[in-house]
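*Asks:* Sharing a structure below in structure tokens format, with a few things to ask.
The values are calculated or read from the model by the stated rules, or taken from the named source; none is laboratory data. All values derive from a computational prediction rather than experimental measurement. We place every Cβ from the backbone using ideal geometry, glycine too, and count neighbours over all the protein chains shown. Side chains are part of the model used for accessible areas, which takes the heavy atoms of the whole protein and leaves out ligands, DNA and RNA. Shrake-Rupley method; radii C 1.70, N 1.55, O 1.52, S 1.80 Å.
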Amino acid sequence: MGRFCRLAARSFGQEKGVTLAADRTADIAGLQGQLEAAGYIAEASLAATLLLTLDLGRPLLVEGDAGVGKTEIAKAFATVRSARLIRLQCYEGLDVHAAMYEWNYQRQLLAIKLLEQDDRPLAAKEKDIFSETYLLKRPLLEAISCDEPPVLLIDEVDRADEAFEAYLLELLSDFQISIPELGTVHAITRPLVIITSNGTRELSDALRRRCLYQFIEYPDFAKELAIVKIKAPQAADQLARQVVAFVQQVRRMELQKKPGIAETLDWTAALLHMGITVINDDGAERIIDTLSALIKTRDDRTGFTPDVVARIAATC
Amino acid sequence: MLTIEAAERSDVGTDLLTRLAGFTAFLHGNGYGVSAADTVDIVDAAAQTGILNQAILRWNLKSLLCKRFEEWQRFDALFDAYFLPPNKCVFVQRDAAPGTEEVTSGGNDDGAHESPATAKHGEADAAAAAGHGASREENLSSTDFSELNQADQARKVEALMRRLARRLKHLVVRREVRSQRGRRLDLQSTIRQSVSTGGTPLRFAWKTRRRVRPRLVLLLDVSRSMNAYSFFYLRLARALCNELKDVHCFIFHTRITSVAEALRDPDPWRAQERLNVLAVGWGGGTRIGECLQEFNRVQGSRLVHSRTGVIIFSDGYDTGDTALLADALGTLRRRARRMIWLNPLLNQPDFTPVARGMRTAMPYLDLLAPGGDLAAIERVLPQLIESLQ
């Protein structure tokens, strides 16, 4: 009840509410600016969600097609907050020993042999062997034992199996890891958790419930142009515009693999490398030579005949 | 949600709070998986950021209340319906795929008590007639789904699907996991365990192959020619949906619609209502190619992966373009692990795949099997499981 009263007093009081909203708008714009400085163009909605993630201390689940810059969010955000980025790349068969901790058993074996000559009581020896010296910290344990709150990126969580997801949930709710031989390790600081998923497997409702959600679409023309200008400043303004217009057209086609932002940047680099400074229908043949940077499957490639390329190029 | 004390303080704050809390209920009524805990969260978030800026409120609620892509797509429309007066709904972005927007009406009064049962069938009809892909061939009359809830055959179907589900649970993949008894020695684990015995490996650790359940995508043809079988297949699909988690069911005729959510609804009558809304066009013409292409475009990349088995229930009578069908099937085949076609007509002794659609589809299929009734499905079950392996 106290919460609701406080809220009514705080948020719904007119003047206070207006200042809150104004502050927030300023914060969002500020974060957008900082992210841009870190090389990431974020919409206001994404910046607002990131701020909310900080406020509520909840993980953020980011979904979207491959190549829309899900992983980059975490990297840029870590730069903005000048925090450490700890990355856990998930894969099928990922287990506790690769994700949380592992005993350095070679060293332990060595220690056992050395301690044979030692006169100390057995319990003391054992305690010595199972001390933090022999503990290898994997990303998740690392993330909760940092002095400064790091950004923890759990990449492509859908590739790990359901069992790991359940384990992850436990970590994300309590921020503690129990190691049987050592005891429970509590988080010194709470990491900021960003989870990405490509949708190769449906995630559990429990995990989704715990997270804030953000779906990232392919960028529109203006956003992609801004990205190209930041990431490939050597491309002239006209070329950048044409490249982006071309890629946007290509994305509208029926393709098996739609080009992501990384492909756009690769292709820009390829064009520059080939000395192409303008895209027009005359240069279709030369453009086709560079398309391997943009189109990644054979079936898609067969659709790009000189005619098609010339037609797209003419509209750019 | 609110205590009596709060209700007594009937000031502006409480009204706003009720309205905000009502939004969660409104979303719940529209099939979102939101709970009371989410209400507390949005109130918390509102306390942090205020509620007077519409954009910020929208973004906050969106990230807090949406849990998956379908919900994300529909959110803006629902937000506008609930919070904006009707004449301001203009900037709703309706780029969502047709058929995904079944917004329950009446968000502008206190929408907290809306339930999906109030979604008006007539409205859905009108919407379909007004646009998104409706055609002259489409059947706009309503379909009686009460047959779905009759118990006579239901139990047998459920038993059969439970058997299929149990068999599917035993499929294995190459990836290995540690286990008590296994086929191969897990050297890493063995050495790790030997630490406790002073470096002498007294106990061995083993690896075994991991079990995994394939994802199933069911595509049910509910066009006129399939009338005799549609309900049977829908019942089959529902039984399977309730047995296994990773089953996704779609019905198609001249358009394709997801019915998995509706089939999973634990309340049979509400499921019936939801199906009523979804099944506009049931028993109409068939355009398999277009439907599959639509499926590839909207759902394909998300839903179909290398562990997915796609099962199509259709007689293959197609009025659409066969080139389109071949193209769509080819795309789907490349994405999926297995493609299986159950054809109810295959039971007949003099059957030859003369239907245009069927002839086109043959090269893309891993298995073409009869499936007109329960006995036929039962016979084909071992083949089905083998081909999903």
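*Asks:* Quick one: count up the residues across the stretch A:268-281 that are over 14 Å from A:Val243 (Cβ atoms) and touching a residue at least 12 places away in the same chain (Cβ under 8 Å).
*Replies:* 1
*Asks:* I'd like the full set of residues that are assigned to a helix (DSSP H, G or I), away from every other protein chain (no Cβ under 14 Å) and without any contact (Cβ under 8 Å) to a residue 40 or more places away in the chain, limited to the stretch B:243-275.
*Replies:* The answer is B:Ala262, B:Leu263.
*Asks:* Here's a follow-up. Residues in the stretch B:199-220 that are modelled with pLDDT under 75 and more than 33 Å from the chain's Cα centre (by Cα): how many?
*Replies:* Here the count works out to 1.
*Asks:* Hey, any hits in the stretch A:257-275 for a residue that's part of a loop (DSSP other than H, G, I, E, B), at pLDDT below 90 and under 17 Å from A:Gly67 (Cα atoms)?
*Replies:* yes
*Asks:* Which residue pairs have Cβ atoms closer than 7 Å, lie 6 or more positions apart in sequence or on different chains, and pair a first residue in the stretch B:364-386 that is assigned by TED's automatic domain parsing to the domain that holds B:Lys156 with a second residue that is polar (S, T, N, Q) and open to solvent by 10 Å² or more (accessible area, probe 1.4 Å)?
*Replies:* Taking only residues 6 or more apart or on different chains, the pairs are B:Asp366/B:Ser387; B:Leu367/B:Gln383; B:Leu367/B:Ser387; B:Ala369/B:Gln383; B:Pro370/B:Asn347; B:Gly372/B:Asn347; B:Ala376/B:Asn347.
*Asks:* Let me ask something else. Among the residues of the stretch B:56-75, write down those that are assigned to a helix (DSSP H, G or I), within 7 Å of another protein chain (Cβ to nearest Cβ) and either surrounded by 21 or more Cβ atoms within 10 Å (Cβ to Cβ) or at pLDDT 85 or above (or both).
*Replies:* B:Ile56, B:Trp59, B:Asn60, B:Ser63, B:Leu64, B:Trp72
*Asks:* If you don't mind, there's one more thing I want to ask. Quick check on my filter: what residues within the stretch B:222-235 are in contact with a Gly (Cβ under 9 Å, 6 or more places away or on another chain) and of a type outside the set (Ser, Thr, Tyr)?
*Replies:* Within the stretch B:222-235, B:Val222, B:Arg224, B:Met226, B:Asn227, B:Ala228, B:Phe232 qualify.
*Asks:* If you go through the stretch B:28-47, how many residues are more than 7 Å from chain A (Cβ to nearest Cβ) and either touching an Asp or Glu at 6+ places or on another chain (Cβ under 7 Å) or of a type in the set (Phe, Trp, Tyr) (or both)?
*Replies:* 3
*Asks:* Given the options B:Met339, B:Met362, B:Met358, name the one that is part of a strand (DSSP E or B) and either at pLDDT 80 or above or open to solvent by 10 Å² or more (accessible area, probe 1.4 Å) (or both).
*Replies:* B:Met339
*Asks:* Among the listed residues A:Lys113, A:Lys75, identify the single one that is out of contact with any Asp or Glu (no Cβ under 7 Å at 6 or more places or on another chain) and more than 10 Å from chain B (Cβ to nearest Cβ).
*Replies:* Among A:Lys113, A:Lys75, only A:Lys75 is out of contact with any Asp or Glu (no Cβ under 7 Å at 6 or more places or on another chain) and more than 10 Å from chain B (Cβ to nearest Cβ).
*Asks:* Is it true that some residue in the stretch A:43-52 is modelled with pLDDT under 85 and facing chain B (nearest Cβ under 8 Å)?
*Replies:* Checked the stretch A:43-52: no residue is modelled with pLDDT under 85 and facing chain B (nearest Cβ under 8 Å).
*Asks:* What do you reckon, is B:Asp315 more than 22 Å from B:Tyr233 (Cα to Cα), among the acidic types (Asp, Glu) and either buried (at least 21 other Cβ atoms within 10 Å of the Cβ) or more than 14 Å from chain A (Cβ to nearest Cβ) (or both)?
*Replies:* Answer is no for this residue.
*Asks:* Okay, next question. Among the residues of the stretch A:70-103, which ones are open to solvent by less than 20 Å² (accessible area, probe 1.4 Å) and among the small types (Gly, Ala, Ser)?
*Replies:* Listed by number, the residues that qualify are A:Ala74, A:Ala76, A:Ala78, A:Ala99.
*Asks:* Please work out if A:Lys70 is within 14 Å of chain B (Cβ to nearest Cβ), within 24 Å of A:Arg159 (Cα to Cα) and out of contact with any Lys or Arg (no Cβ under 9 Å at 6 or more places or on another chain).
*Replies:* yes
*Asks:* How many residues are outside any loop (DSSP other than H, G, I, E, B), open to solvent by less than 20 Å² (accessible area, probe 1.4 Å) and either touching a residue at least 24 places away in the same chain (Cβ under 8 Å) or closer than 25 Å to A:Leu265 by Cβ (or both) if we restrict to the stretch A:24-47?
*Replies:* The qualifying residues number 5.
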